[in-house]
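The values are calculated or read from the model by the stated rules, or taken from the named source; none is laboratory data. In this text the structure is predicted, and so the values were computed from the model without any measurement. Here the Cβ positions follow ideal geometry from the backbone for every residue, glycine too, while neighbour counts run over all protein chains shown. Areas reflect the complete protein model, heavy atoms only, side chains present, ligands, DNA and RNA absent. Shrake-Rupley method; radii C 1.70, N 1.55, O 1.52, S 1.80 Å.
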Amino acid sequence: MNNTRETYAAGLSRNHAFDALPRSNDEQEKTRMPKITTRRVVYYFIWAMIQLTVLIYKIYQGSKVGDALTGYNKGVEALMMTCLSTNFFLMAPTLMRMLRTTPLRRIICFDKTIHAHKVVAYSLVFWMAQHVVARYYKFYTIQVQSNGK
């Protein structure tokens, strides 16, 4: 058993993963924050407007049927589905290849879909957290109204 530990320790000492090696320029480029360009600002604005439109529409529809929290939760559910479908759209290689052959390629850069995918994924995480909080709040209010029964 002691021999096994020594062999394992010798293997770790040969492993360069634990060395404090300086980063190469390529690794520094990957960890750097992306530049703020006009295209990215326009993309952020359009994505925020799409989300805001879907949320307001669903809140309005939901508030007709129930309370405002129900409408908000329906809106958040719709936004989660919007984020998921947009991510599938952005990561479809065949569709992106087809869109690169259209005149839209002069306006929209279809080669930078990874950044758009990350933005949509982060907004999906945000809306999922909102959905969970709204559900827990609703369960809490139901429990308080029913006196824990």
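Under 10 Å from the Cβ of Asp111, count the other residues' Cβ atoms, weight Lys and Arg +1, Asp and Glu -1, and hand me the total.
Numbers: positive: Arg100, Arg105, Lys112; negative: none.
Here the charged neighbours net out to +3.
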_Just to check, using Stokes-Einstein with a Kirkwood Rh over alpha carbon pairs, what's the diffusion coefficient of the range 68-131 at 4 °C and 1.567 mPa s in µm²/s?_
100
*With r as the distance between the Cβ atoms of Lys35 and Thr102 and R0 = 25 Å, compute the FRET efficiency 1/(1 + (r/R0)^6) and round to 0.05.*
0.40
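So, with a 1.4 angstrom probe, what is the percent of accessible area on the range 70-126 that is carbon and sulfur? Before the final figure, lay out each step's value.
Details: 2520 of 3550 Å².
Using a 1.4 Å probe with all protein chains present, the range 70-126 comes out at 71 percent carbon and sulfur.
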*Do the alpha carbons of any pairs in Lys64/Lys118; Lys58/Lys138; Lys58/Lys112 sit beyond 23 Å of each other, and which pairs?*
Lys64/Lys118; Lys58/Lys112
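Per residue, how much accessible area does the range 31-112 have with a 1.4 Å probe, in Å²? Please list the in-between numbers first.
On the way: 5940 Å² over 82 residues.
Result: 72 Å² per residue.
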